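Following: one structure in structure tokens, then a few remarks.
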Amino acid sequence: MKVVIIGTGHVGLPIGVYLAEIGHDVVCVDKVETIIDSLNNGKITFLFEEGLEELFQRNFKSNKIKFTTSFSHVNDADVVIISVGTSKHVYNASTKLAEYLKGYTVIAIKSTVPVGCNDEIENLIAKVNPEADFDVVSLPEFLREGFAVFDSFNPDRIIIGTESERPISIIKELYGNCNKEKLFFVSRRSAEAIKYASNSFLAMKIHFINEMSDFCKEFNASIREVAEGMGLDKRIGDEFLTPGPGYGGFCFPKDTHEILNMAKNNGVNLSLIETTIKNNKNRMSKLSENILYETNKIKANKIAILGLTFKGGTDDCRNSPAITIINLLLKHFTYNIITYDPKGMKNAKNLLGNKVDYGKDVYDTVKGADVLVILTDWMEFKKLDLRKLKSSMNHHIIIDLRNMIDKNKALKLGFTYIGL
Ligand code: UDX
């Protein structure tokens with residue numbers, strides 16, 4: 001089939017590459033010329049996703065996927081997928097693409113949009129182009145950043161919201177070669193709501209385990225054991241039970257705020273989501289106070305921070321708890337903060353500038369540091385050479401907000417270890 005994808009970002013590009021890989025002819029559209037130019041030069045410069053490069057090169061070379069800033073390919077598309085960042089951009093993209101529609105076309109809204117937005121998009125397109133023969137379906141995305149390729153090929157489910165039977169055969173053909181058995185057809189508004197409900201629930205689950213880690217610390221229980229014990233109950237599930245500095249990223253903060261706004265505007269009380277949002281933010285302030293307490297105690301001159309991205313496996317620093325905590329520290333700690341992240345330094349520099357220093361690698365970063373703070377769960381932080389750390393640090397305090405370090409090993413080597 002011919003598929004046009006509007007929005008070639010963290011979702012659009014991986015989905016485009018996936019659909020090309022399973023046999024479709026894909027055209028990815030984006031308004032940012034530099035993105036399209038770099039992709040047409042065979043380079044992915046603006047995001048990092050495990051396994052994407054190889055699939056991209058294969059399909060780019062075999063001409064299965066093309067890139068352009070023009071909407072003209074819409075007129076021979078069977079499916080147009082809109083995967084732009086926010087609902088405002090969805091309206092703009094829909095208005096633009098409407099003029100190019102020719103023949104029956106399924107327009108799939110993959111961007112996360114407020115419940116009811118698909119109805120509005122349908123009316124908008126019909127108004128712009130009364131001749132157009134199309135259906136709008138909701139096709140919410142559940143990709144996790146850093147796992148976009150894996151999640152594309154191994155989705156738990158593919159939710160399609162539709163108000164008519166007509167798009168069903170097209171969507172079945174779209175996923176015909178891969179994951180057709182995962183298709184789950186619901187009403188459009190249900191599909192829009194499933195996205196918000198899922199992300200809000202996951203955010204809440206993370207906040208729950210974060211609060212439970214505070215409880216366990218106070219009562220000398222192990223949050224790792226408690227999470228594992230809880231997770232053995234299939235009704236709870238063993239994922240998203242890892243405590244940390246709070247959730248971040250582009251989606252959880254946006255989606256939890258959006259569903260809360262929708263609810264408040266319509267007199268619905270989503271108390272758990274409201275509490276989650278408020279206390280996820282408070283957690284970062286509380287943790288930065290804890291860090292400052294430790295640095296003041298030893299009159300620290302230098303804090304080394306490992307991790308700037310919102311989670312391991314990505315280069316993305318949007319709404320990163322690490323950046324939030326560093327900014328909170330900078331309000332009170334006027335000495336030297338040096339940071340390191342395997343992939344996120346470029347993006348972090350756009351946010352932190354020269355308010356902090358940037359190390360070349362882990363060991364360069366911790367040299368002479370009094371306190372080491374771990375804020376992002378990069379796997380390489382699980383394998384740090386603690387002896388090497390000990391000999392290159394000035395004071396020996398580790399504040400591990402991702403429970404990456406083996407506590408007993410650190411204590412044996414004479415570190416003061418503070419974990420979750
Ligand atoms: C999320 C949803 O998982 C995905 O389905 C949706 O499509 C987009 O939003 P993403 O934002 O990429 O994906 O990140 P995710 O892996 O969900 O992590 C979100 C935040 O929660 C990160 O800050 C992460 O560090 C944190 N987290 C996650 C925890 O603190 N503990 C966990 O156990 C899991």
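The values are calculated or read from the model by the stated rules, or taken from the named source; none is laboratory data. Keep in mind it's a predicted model, so treat the numbers as computed, not measured. Cβ coordinates were reconstructed from backbone atoms using ideal geometry, including for glycine residues, and neighbour counts include every protein chain displayed.
Give 163, 145, 173 a once-over and let me know the one that is assigned to a loop (DSSP other than H, G, I, E, B), charged (D, E, K, R) and under 24 Å from residue 77 (Cβ atoms). Write out each step before concluding.
Numbers: 145 fails: under 24 Å from residue 77 (Cβ atoms); 173 fails: assigned to a loop (DSSP other than H, G, I, E, B).
Being assigned to a loop (DSSP other than H, G, I, E, B), charged (D, E, K, R) and under 24 Å from residue 77 (Cβ atoms) holds for just one of 163, 145, 173, which is 163.
Restricting the first member to the range 70-82 and to residues that are of a type in the set (Gly, Ala, Ser) and at pLDDT 95 or above, and the second to residues that are crowded, with 17+ Cβ neighbours inside 10 Å and not in a loop (DSSP other than H, G, I, E, B), the beta-carbon pairs closer than 8 Å and six or more apart or on different chains are 70/29; 77/3; 77/4; 77/27; 77/105. Go through the range 313-343 and give me each residue that's at pLDDT below 95 and of a type in the set (Gly, Ala, Ser). The one that is at pLDDT below 95 and of a type in the set (Gly, Ala, Ser): 313. Does any residue of the range 250-269 turn out to be more than 16 Å from the ligand (Cβ to nearest atom) and of a type in the set (Ser, Thr, Tyr)? Within the range 250-269, not a single residue is more than 16 Å from the ligand (Cβ to nearest atom) and of a type in the set (Ser, Thr, Tyr).
Let's see how each residue does on (1) in a helix (DSSP H, G or I); (2) surrounded by 14 or more Cβ atoms within 10 Å (Cβ to Cβ); (3) of a type outside the set (Gly, Ala, Ser):
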{"position": "224", "(1), (2), (3)": "yes, yes, yes"}
{"position": "230", "(1), (2), (3)": "yes, yes, yes"}
{"position": "235", "(1), (2), (3)": "no, no, yes"}
{"position": "241", "(1), (2), (3)": "no, yes, yes"}
{"position": "244", "(1), (2), (3)": "no, yes, no"}
{"position": "260", "(1), (2), (3)": "yes, yes, yes"}
{"position": "268", "(1), (2), (3)": "no, no, yes"}
{"position": "274", "(1), (2), (3)": "yes, yes, yes"}
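Within the range 150-172, the set of residues being surrounded by fewer than 15 Cβ atoms within 10 Å (Cβ to Cβ) and either modelled with pLDDT under 95 or away from the ligand (no atom under 16 Å from the Cβ) (or both) comprises 164, 165, 166, 169, 172.
Which members of the range 380-401 meet the condition of being in contact with a helix residue (DSSP H, G or I) (Cβ under 7 Å, 6 or more places away or on another chain) and part of a loop (DSSP other than H, G, I, E, B)? Spell out the reasoning first.
First, pick out the residues of the range 380-401 that are in contact with a helix residue (DSSP H, G or I) (Cβ under 7 Å, 6 or more places away or on another chain): 384, 386, 388-389, 392-393, 396-399, 401.
384, 393, 396, 401, listed by residue number.
Among the residues of the range 188-212, those that are over 30 Å from residue 107 (Cβ atoms) and either near the ligand (Cβ under 10 Å from one of its atoms) or free of Cβ contacts under 8 Å to residues at least 40 places away in the same chain (or both) comprise 205, 206, 207, 208, 209, 210, 212. For the residues 342, 321, the requirement of being within 13 Å of the ligand (Cβ to nearest atom), buried (at least 19 other Cβ atoms within 10 Å of the Cβ) and either touching a residue at least 12 places away in the same chain (Cβ under 8 Å) or at negative phi (or both) singles out 321.
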